[in-house]
Amino acid sequence: MVAHVAEVEVTRDGPVLTITLNRPDVLNALNKAVHDQLHAALRDAADPSVRAVVITGAGRGFCVGQDLQDFSAGAGSVTDNLRQNYHETVRAIRALQKPVIAAVNGPAAGAGMSLALACDVRVASEAASFVPAFIKIGLVPDSGGTWLVRRVLGTARAFEWLTTGRRLSAEEARQWGMVSEVTTAEELPARAREIADLYAAMPTRAVWETKRLLDAAETSSFEEQLELEAVTQAQMTQTPDFREGVAAFLGKRDAEFTGAEREWPHPVRLVVTDDLARWRLTVATRWLLVLPHLFVLAFWTYAALPVAIVNWFIALIRGRPATGVHAWLSRLVRYQVHVYAYSYFVADPYPSFRGWAGHYPVDLVLPPPSVQPRWKTALRIVLAIPAYVFAYVLGYVVLVVAFLGFFFAVATGRYPRGFRDFGAYCLRFQAQLYAYLFLITDRYPALANPT
C-alpha cells in the first residue's frame, strides 16, 4: 500500500515502514517540499504498530543534500531553513522510538550524509559513497554533521575528513565503521528489509531505550549514566516484552515480542533520572541563576493564553486540538517542569530554554493529540478548579521543602531523596493540571503517584 506518492514515497509492509526520497533526477536533493513530506512520513512512523523504519533513495542516489537551485531562486534565510527543515528532520529521526535503518543506495553528500548518519543502522550498496561536500563550496557541516561524524569517527578523523571533503567509498565507510555492511546494488533492498524485520521482531521499547541511553551517554557523567540505567531498567521490568522474555527463557522457547507499551495510569508522567548530587555553588546562587528562565517562562505562558483559547474553540468544533498547537503547548509544559525542577533543587543541571524532551534529568512524557469529548472541553476550566486549588497549596508546600533542602544541599552537596521525590510529585501534579487545561490530554490530574 502506498500512502504518499510525490517527492517522498511511503510504503508499509507489516511492521516495517519504508521512506523513499523520490527525486531521482536530482539525486534526491532536498527542498522544502521534501522536508515537509519527510516530516509527515516520520510522524506516520510514530504509529505503535510500526516497529522498524527504512530510509532510502530512489534511482542511483541516496541524497546529495540541499538542492542548490533553491539558493539561486532565493530560498530565504539559511538559518531559518536549517532550523525549520533540516533540524526538525534529524531530530525526528533521533527521537523516533524505534530503529531507523538507512539503506544507502548511492551518493550521500552534504546534508544527505548527515541524514544517513542520524539513522541508527546503515547498510550500503557497492555504489554508495559518502562525501562531506560542505567544504568544497566554502561551508561548514550542518544538520548535525559535526556531532554525528565526530560520534562515529572520533574527533581527529572527523576533522581530517570534514575539512578535506574527500569522497569515501562504501567499502572505506565500512572499514571506518560508518556502515555495518556493504552489499551489491541488487541485494540492498532485500538486505535492508531483512535487518528491518530483525528489529521489528525485537522488544521495541528496549531497542528505543538503548538508543536513548546511548544518546544520553554523550553528555552524562558516569554517575548520571548509572542512575539513568537504573531508572530505565526499573521501568523496563514493567513491560509486557520483559514478561514474555522471561517466560520464553524459562520455557526454553523463542520469545514472541509484541512491542506493546506498559499501560500507565496517566498519559502525562514524570521521568526522574536525577542522581541527588548537587553543586554547592549553583545551589547557593540558584534563585538568582533561575531568573532568566522565570522571565522566559512568564512571557511564554502569557503568549500561550490566546493560543490556548483559539485551540479551545478548535477542539470544540473538530473534537480534537490542533496538532501544531498541541506540540507547542507540550513544549511549554515540559519547559515549566524543567524550570521549576531547577528552582526547587529537584534537578541540578541548568536547563535549556527550549523545552525539548529527553535532555533533562527531570523530564515529562506527554501524549500525542487525540479526540476529546466536547463536553469535557467545554467545561474544562470549571472541572479543573479543585485540581487547581490543590496545585496552589502544593506550590507553597514545595517552596518550604526547597528552602529546608537548600541548607542540606549546601552543607552536604546532596539533596535528600525524600525532598526530591516530594518535589517531583508536586511537579508531576502541576504538569498534569496544565496539560489538562491546555487540552494536551482530557485525563484529570491524578492524586496518586503512578509507578
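The values are calculated or read from the model by the stated rules, or taken from the named source; none is laboratory data. Source: prediction; values computed, not measured. Glycine gets a Cβ as well: all are built from the backbone with ideal geometry, and neighbour counts include every protein chain shown. Areas reflect the complete protein model, heavy atoms only, side chains present, ligands, DNA and RNA absent. Shrake-Rupley method; radii C 1.70, N 1.55, O 1.52, S 1.80 Å.
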For this session: Provide the per-residue ³J(HN,Hα) series for region 128-140, in order, calculated from phi with Karplus coefficients 6.51, -1.76, 1.60 and θ = phi - 60°, each as a whole number of Hz, with x at glycine and proline positions.
Result: 6, 8, 10, 9, x, 6, 3, 4, 5, 10, x, 10, 10
For this session: Could you please report the charge total around residue 248, scoring K, R as +1 and D, E as -1 over all other residues with beta-carbon less than 9 angstrom from its beta-carbon?
Result: -1
For this session: Let me know the charge dipole size of the chain about its Cα centre in debye, to the nearest 20, where only the beta-carbon of Lys, Arg (+1) and Asp, Glu (-1) is charged.
Result: 1240
Exercise. If you rank 312, 264, 279, 300 by how much accessible surface each has, with a 1.4 Å probe, what is the order from largest down?
Worked result: 279, 312, 264, 300
For this session: Taking each pair of different alpha-carbon atoms in the chain once, compute 1/r for the pair, average those values, and report the inverse of that mean as the Kirkwood hydrodynamic radius in Å to one decimal.
Result: 24.0
Exercise. How big is the accessible area of residue 171 in square angstrom, nearest 10, if you roll a 1.4 angstrom probe over the protein chains?
Worked result: 80
Exercise. With every protein chain left in place, what is the accessible area of residue 142 in Å² (1.4 Å probe, nearest 10)?
Worked result: 40
Problem set entry | Ranked order, 407, 345 - accessible area, probe 1.4 Å, largest first | 407, 345
Problem set entry | Top positive-direction residue, dipole computed over the chain with Cβ charges, set 130, 356, 61 | 356
Problem set entry | Proximal charge balance of residue 354 [Cβ under 15 Å; K/R count +1, D/E count -1] | +3
Seminar exercise, completed: Taking every other residue with Cβ under 15 Å from the Cβ of residue 319 and scoring Lys and Arg +1, Asp and Glu -1, one gets +4
Exercise. What full-extension length gain, to one decimal in nm, is calculated for residue 13 and residue 95 as 0.36 nm per residue of separation minus the Cα-Cα distance?
Worked result: 27.3 nm
Seminar exercise, completed: Given a 1.4 Å probe, the accessible area of the chain per residue, as a whole number of Å², is 48
For this session: State to the nearest 20 debye the size of the charge dipole of region 59-124 about its Cα centre, where the only charges are +1 on K and R beta carbons and -1 on D and E beta carbons.
Result: 280
Problem set entry | Kirkwood-based shape ratio for region 37-102, expressed as Rg/Rh from alpha carbons | 1.03
Problem set entry | Long-range HN-HN contacts of residue 179 with modeled amide H, under 5 Å | 174
Seminar exercise, completed: For the chain, whose charge dipole is built from +1 on Lys and Arg Cβ atoms and -1 on Asp and Glu Cβ atoms, the candidate among 178, 225, 375 with its Cα farthest towards the positive end is 375
Seminar exercise, completed: For the residue 136, residue 222 Cβ pair and Förster radius 41 Å, calculated FRET efficiency rounded to 0.05 is 0.55
Exercise. Could you state the number of Å between the C-alpha centres of region 399-451 and region 145-186?
Worked result: 45
Seminar exercise, completed: In whole angstrom, largest first, the equivalent ellipsoid semi-axes that the Cα gyration tensor gives for region 167-297 are 38, 26, 14
Problem set entry | Difference of contour (0.36 nm per residue) and Cα-Cα distance, residue 375 to residue 262 | 37.8 nm
Problem set entry | Residues whose placed amide H lies under 5 Å from that of residue 364, excluding near-sequence neighbours | 271, 358
